[in-house]
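What follows is a set of notes on a single structure, which appears directly below.
Taken together, the values in this text are just the output of simple stated rules run on the coordinates, not laboratory data. The shown structure was predicted, so the numbers you read here are calculated from the model rather than taken from an experiment.
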Amino acid sequence: MRAGRLRTWLTFEKRAVDIDSDGEPGQVDDSGNRIERWEDAFLVGSRMPAEVVAVSGRELMAAAAVQSRVSHRIKVRYRSGFDAGMRARDPDGVLYNLEAIIPDPENGRSWITFLASTGVNEG
């Protein structure tokens with residue numbers, strides 16, 4: 001992968017686990033629904049350079065049978081600890097929900113490709 005393609009800095013986030021002293025979910029809103037928070041996914045280096053590409057119409061049609069919500073393909077250098085429950089945020093505040101993780105086909109440890117959907121994901 002060429003570093004020049006990694007033009008977008010994304011911050012990877014995961015759902016925070018809030019549990020109070022009783023072992024129950026932490027904060028709740030006025031209706032009693034649990035409020036979810038998002039935090040940096042990694043202790044160090046949650047912000048990383050990435051290649052973000054909108055999925056073309058042809059790719060979208062081919063992927064429709066598998067994942068119809070996918071709108072973008074994101075590629076980053078390999079790092080352990082990613083999972084499909086995470087999301088990525090770009091500097092403009094656009095949220096990318098990670099739908100699927102695809103390791104590189106050569107050795108699985110050079111880069112990772114995510115199939116992602118965009119939209120509001122505040123919990």
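Tabulated results
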read-out: Residues with amide H under 5 Å from that of Tyr78, placed H, sequence gap 5 or more; value: Trp111, Ile112
read-out: Segment Asn33-Arg109, length gained on full extension (0.36 nm per residue, minus Cα span); value: 23.4 nm
read-out: Chain lengthening between Ala100 and Arg79 when straightened (0.36 nm per residue, less Cα-Cα); value: 6.0 nm
